[in-house]
Amino acid sequence: MAHDHATSAEHFWMPFTANRQFKGSPRLLERAEGMYYTDTDGRQVIDGTAGLWCCNAGHGRREISEAVSRQIAHMDFAPTFQMGHPLPFELAERLAQISPAGLNRVFFTNSGSESADTALKIALAYQRAIGQGSRTRLIGRELAYHGVGFGGISVGGMTNNRKAFGALLPGVDHLPHTLDLQRNAFSRGLPEHGVERADELERLVTLHGAENIAAVIVEPMSGSAGVILPPAGYLQRLREITRKHGILLIFDEVITGFGRVGEAFAAQRWGVTPDILTCAKGLTNGAIPMGAVLVDEKIHEAFMQGPESTIEFFHGYTYSGHPVACAAALATLEIYKRENLFQKAIEIEGYWQDALFSLQGLPNVTDIRTAGLVAGIQFAAHADGVGKRGYEVFRQCFEDGLLARASGDTIALSPALIVEREHIDAMIERLAGAIRKAG
């Protein structure tokens, strides 16, 4: 399977993968540098997905690997339950400096899934702390992805991630998604139509009673479902309605955080500040697993009541604020700052859009969605079933030296923020070829 032919493929149960199909014809990456992977056959593959939406500063950044190496030799682990070490305090301060105004209290996790579950628990505990203990309902959205914890799949809205796992959390409802091909196909940037879909929240408030709803959680842009963008004004409307009814607004920025759509966070690019914001992925450039939840200081303050010797929030992870992860994150934030990468998606957005829209008119392309440095190219479903064509384009792209991401019949691209025009040209050329071959 790999260059070491003694290795058997059978023991690794792969995540979100058709295991038998993959093991019959594996795609194995061996090295990474800059904008490229090298596979086990020695072929160079352009990384069109920043790993899995996470390597925003490109691969093989020496500053990060050296920071990790120094830290793991210096101190591999230290507890953060009733103990501490300097790095998470330093990292939290750095995150507070780049976060939307007021979101300056930071709870560390190890993944986007843990960040989502943490945010939901903070929301529930906060409502209780301020005497609103009847606010236990949570509202997500159709086609949403908030990781794979029970909290995340309960508020999430991707059917396959939910349906095999029983009753999930009680008292959860969902807003409609904002994908509207009839009115918004081939929009450049945020689509024009659909702000009224935020008004469905008023309907849910009427149905359940505002006094029973703790929080609404949405991705500013739905990433895993295939790059579904918020209509112009939609996030602002959600913010107005939640504020009016005393409901917390949580943004899941695991994908959009750290420059993907421009600025540090989508909250800043699109001008809407939530009460809680989750992140992960780009926080360490994908080098070490880590996540964070940025919380409004007023929410944090509500927990800091009562006797000072009492634990205020019974929640956390062995690896919250892990020293090696913190070292990776601090080095990553330094790169983003020094290379001004949060502005890169805005600067190259026009070129990126023009390149992508050159695919319009190719066989079976039904929509192109793009904002910042992310794109979704949607195809008409194949007669043999949903997802077949998307997978075939993905497979063909890899054969032709481009790593893309298939989500059903949508191909997602999210290259590292260090991407240059010639990389974009090569990506689009290979994708166009794969679309033609897939037919």
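Annotations
- Across region 290-422, the fraction of Cα-Cα pairs farther apart than 18 Å, rounded to a whole number, is 70%.
- Kirkwood Rh (inverse of mean 1/r, distinct Cα pairs), region 63-222, angstrom: 18.6 Å
- Carbon and sulfur %, accessible surface of the chain computed with the full protein complex present, 1.4 Å: 52 percent
- If the convex hull is drawn through the Cα atoms of region 158-233, its volume per residue in Å³: 115 Å³
- Full extension of the chain between Lys23 and Ile311 yields a length gain of 98.9 nm, computed as 0.36 nm times the residue separation minus the alpha carbon distance.
- Each Cα pair under 8 Å and six or more residues apart adds its separation to the average, and for region 215-333 the resulting relative contact order is 20 percent.
- Descending principal axes extents, region 1-72, alpha-carbon based, whole Å: 37, 29, 25
- Region 242-332: GluC sites (Glu not before Pro) falling in loop per DSSP and having at most 15 other Cβ within 10 Å: Glu308, Glu312
- Ellipsoid equivalent to region 363-414 - semi-axes via the Cα gyration tensor, in Å: 17, 14, 8
- Solvent-accessible heavy-atom area per residue, rounded to whole Å², over the chain at 1.4 Å: 44 Å²
- Summed side-chain charge close to Arg61 - residues other than Arg61 whose Cβ falls under 12 Å, Lys, Arg +1, Asp, Glu -1: -3
- 222 nm mean residue ellipticity, helices alone, for the chain (DSSP H n ≥ 4; -39,500 (n - 2.57); rounded to 500): -10500 deg cm²/dmol
- The smallest convex shape that holds all Cα atoms of region 124-183, its convex hull, gives 101 Å³ per residue.
- When only Cα pairs below 8 angstrom with a gap of at least 6 residues are kept, the chain shows a relative contact order of 21 percent.
- Loop-located chymotrypsin sites (Phe, Trp or Tyr not before Pro) in region 276-367 whose Cβ has at most 11 other Cβ within 10 Å (DSSP): Phe314
- Value of Rg to Rh for the chain (Rh from inverse mean 1/r over Cα pairs, i.e. Kirkwood): 0.96
- Among the listed pairs Lys244/Lys298; Lys23/Lys437; Lys298/Lys337; Lys244/Lys337; Lys121/Lys244, those with a Cα-Cα distance over 26 Å are Lys298/Lys337; Lys244/Lys337.
- Full extension of the chain between Lys337 and Ala432 yields a length gain of 30.8 nm, computed as 0.36 nm times the residue separation minus the alpha carbon distance.
- What the Cα convex hull of region 191-315 gives, in volume per residue, is 137 Å³.
- Accessible area ranking (1.4 Å probe, heavy atoms, ligands and nucleic acids excluded), largest first, for Val68, Val374: Val68, Val374.
- Region 390-439 - Rg over Rh from alpha carbon coordinates, Kirkwood radius: 0.96
- Set of region 382-412 residues, backbone N closer than 18 Å to the point 7 Å along the Cα-Cβ line of Leu181: 382-394, 406-412
- Positive dipole terminus of the chain, leading residue within Ala73, Leu207, Ser309 (C-beta point charges): Leu207
The values are calculated or read from the model by the stated rules, or taken from the named source; none is laboratory data. Computed from a predicted structure; not experimentally measured. In this analysis, Cβ positions are derived from the backbone assuming ideal geometry, glycine residues included, and neighbour counts consider all displayed protein chains. These area figures cover heavy atoms from the full protein model, side chains too; ligands, DNA and RNA do not enter into them. Shrake-Rupley method; radii C 1.70, N 1.55, O 1.52, S 1.80 Å.
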